[in-house]
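**Student:** Pasting a structure here, questions to come.
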2 protein chains.
Amino acid sequence: MYTKNVYQQSNQALQRISHEDFIQLKKNPIIIILNNIRSAHNVGAIFRLGDAFIVQKIYLCGITAHPPHKGIQKTALGAEAVVDWDYQENILSVIDTLSKEYEIIAIEQTNQSQALEYYTFCKKKKYAFIFGHEVTGIQPAILQQCNAYISITQKGTKHSLNVSTCAGIVLWQAFKNFL
Amino acid sequence: MYTKNVYQQSNQALQRISHEDFIQLKKNPIIIILNNIRSAHNVGAIFRLGDAFIVQKIYLCGITAHPPHKGIQKTALGAEAVVDWDYQENILSVIDTLSKEYEIIAIEQTNQSQALEYYTFCKKKKYAFIFGHEVTGIQPAILQQCNAYISITQKGTKHSLNVSTCAGIVLWQAFKNFL
């Protein structure tokens with residue numbers, strides 16, 4: 001019987017880097033800001049994205065859980081020990097600090113949002129993406145402080161994705177730009 | 001004080017379609033096959049993706065939970081009642097049926113995988129994407145039956161994303177092609 005020579009790659013073949021190498025590595029100019037994320041499992045999944053796409057930092061704001069936390073640990077699988085993070089209760093002061101250097105982009109369905117498929121990322125710019133509460137999204141006072149608004153085009157009955165799924169899509173689109 | 005005229009869009013402005021309209025709608029030629037997915041929460045999140053990106057059908061195989069199921073309901077938020085689905089214990093018979101019409105693509109890190117950023121989707125083709133077990137991935141016997149292999153480029157210490165995050169990224173990339 002003919003069989004294709006296809007098999008899962010070993011960890012060695014995947015060229016996973018060590019924790020030490022990650023720390024030394026030049027990060028992509030991407031910051032993730034999580035504001036009032038209710039589910040620690042979502043936070044953990046986003047830490048794994050931060051590791052995979054070599055982001056600079058994750059800010060955890062408002063009610064968002066922060067390490068050490070069992071729920072984060074369960075889904076981050078160690079990525080929370082690798083990716084740089086900080087807890088800041090007040091997101092507005094985080095935005096204020098970052099806005100000198102970063103495009104502050106709210107991931108939200110607003111009247112001013114650009115569709116992700118048409119948004120052009122620039123290799124020379126730095127990006128901070130805000131993801132908000134699973135149900136209520138990003139509040140008006142925060143939207144006011146952003147430079148741009150991106151939404152993921154959706155055609156169905158819900159127009160609502162899980163926040164870590166949504167973060168995966170947006171961060172992938174940004175990360176590709178720096179490959 | 002100057003304020004930007006930015007606000008979250010109402011459900012009406014989002015143009016969400018009704019359940020009835022979804023059923024009538026021409027679907028994108030995308031099928032999702034979930035094989036041995038351990039977490040019903042991941043299944044639910046993927047149902048939301050299926051709704052958002054108007055996929056044809058979701059096949060749930062092996063140990064993957066299927067509706068009605070509390071875990072799916074919690075994260076699908078009703079999408080499981082909208083998107084067409086079927087439970088088939090044996091994924092190989094699903095692949096066998098679909099392979100006459102669909103490109104069968106395993107989302108897996110294999111020795112033959114193409115990086116997602118280089119994979120060209122074709123408007124004239126139909127795609128069935130397989131996502132496997134959260135830890136052990138897609139088994140060799142299944143890989144043998146696929147036409148192509150795609151992996152998401154990752155640069156960090158883990159090379160492992162949550163399966164619903166991973167599905168979001170791949171389905172987004174395919175969905176964009178049909179916009």
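**Student:** How many residues are modelled with pLDDT of 95 or more and surrounded by fewer than 16 Cβ atoms within 10 Å (Cβ to Cβ) if we restrict to segment A:125-135?
**Tutor:** 2
**Student:** Now for a different question. Would you please list the contacts, defined by Cβ atoms under 7 Å and residues six or more apart or on different chains, that run from a residue in segment B:56-81 that is more than 25 Å from B:Ile142 (Cβ to Cβ) to a residue that is hydroxyl-bearing (Ser, Thr, Tyr) and outside any helix (DSSP H, G or I)?
**Tutor:** B:Leu77/A:Ser160
**Student:** For segment B:33-53, how many residues are within 13 Å of chain A (Cβ to nearest Cβ), touching a strand residue (DSSP E or B) at 6+ places or on another chain (Cβ under 9 Å) and crowded, with 24+ Cβ neighbours inside 10 Å?
**Tutor:** Looking only at that region, the number is 7.
**Student:** When you look at B:Leu179, is it closer than 20 Å to B:Pro29 by Cα, in contact with a helix residue (DSSP H, G or I) (Cβ under 8 Å, 6 or more places away or on another chain) and surrounded by fewer than 17 Cβ atoms within 10 Å (Cβ to Cβ), yes or no?
**Tutor:** Yes.
**Student:** Still on this structure, I have one more. Kindly indicate which of A:Gly156, A:Gly168 is in a loop (DSSP other than H, G, I, E, B), at the interface with chain B (Cβ under 7 Å from one of its Cβ atoms) and surrounded by 22 or more Cβ atoms within 10 Å (Cβ to Cβ).
**Tutor:** On inspection, the qualifying residue turns out to be A:Gly156.
**Student:** Let me ask something else about it. If you go through segment A:85-107 one residue at a time, do you hit one that is at the interface with chain B (Cβ under 8 Å from one of its Cβ atoms) and not charged (D, E, K, R)?
**Tutor:** no
**Student:** Among the residues of segment A:126-142, is there at least one that is more than 14 Å from B:Gln8 (Cα to Cα), touching a helix residue (DSSP H, G or I) at 6+ places or on another chain (Cβ under 9 Å), of a type in the set (Lys, Arg) and within 10 Å of chain B (Cβ to nearest Cβ)?
**Tutor:** no
**Student:** Of all residues in segment A:118-153, which are closer than 24 Å to B:Gln173 by Cα, in a loop (DSSP other than H, G, I, E, B) and not aliphatic (A, V, I, L, M)?
**Tutor:** A:Tyr119, A:Thr120, A:Phe121, A:Cys122, A:Lys123, A:Lys124, A:Lys125, A:Lys126, A:Gly132, A:Glu134, A:Thr153
**Student:** How about segment B:4-23: which of its residues are more than 7 Å from chain A (Cβ to nearest Cβ) and over 16 Å from A:Lys158 (Cα atoms)?
**Tutor:** Answer for segment B:4-23, where residues must be more than 7 Å from chain A (Cβ to nearest Cβ) and over 16 Å from A:Lys158 (Cα atoms): just B:Asn5.
The values are calculated or read from the model by the stated rules, or taken from the named source; none is laboratory data. Here the structure is a predicted model, which means the values were calculated and not measured. For neighbour counting, all protein chains shown are included, and Cβ atoms are generated from backbone atoms with ideal geometry for every residue, glycine included.
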